[in-house]
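Reading through the structure tokens given below for one structure.
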């Protein structure tokens, strides 16, 4: 299961609305309240329908949108503990995966 969502930086957004047009699921809209700079900024309504397509971020001329495509991480197996790894074991793993080349 994954949770895809976006975060809009209100300090960068100038309210052009291009992201609202780009979102096929209509999850991005313009706020009724202006930000500290006087712009009516974009807001994201997280309804679980975000596909993570990133079209909104690609359309944003102010680079105000970050897209997250998180996968739900399961609990580690009891025998698999981060405390059992060391820098050397990590180097050994990388070396084995890369055919002996780090």
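Bear in mind these aren't lab numbers, they're just calculated from the coordinates by the rules spelled out. Predicted model only: the values in this text are computed from it and were never measured. All Cβ positions, glycine included, derive from the backbone under ideal geometry; neighbour counts span all protein chains shown.
Rounded if a/c is under 1.5, else prolate if a/b is larger than b/c, else oblate: which is the stretch 2-71, with a ≥ b ≥ c the root eigenvalues of its Cα gyration tensor? Note, shape of the stretch 2-71 comes out prolate. In plain terms, the residue of 9, 62, 32, 46 with the fewest other Cβ atoms within 10 Å comes first and the most crowded comes last, giving 32, 46, 9, 62.
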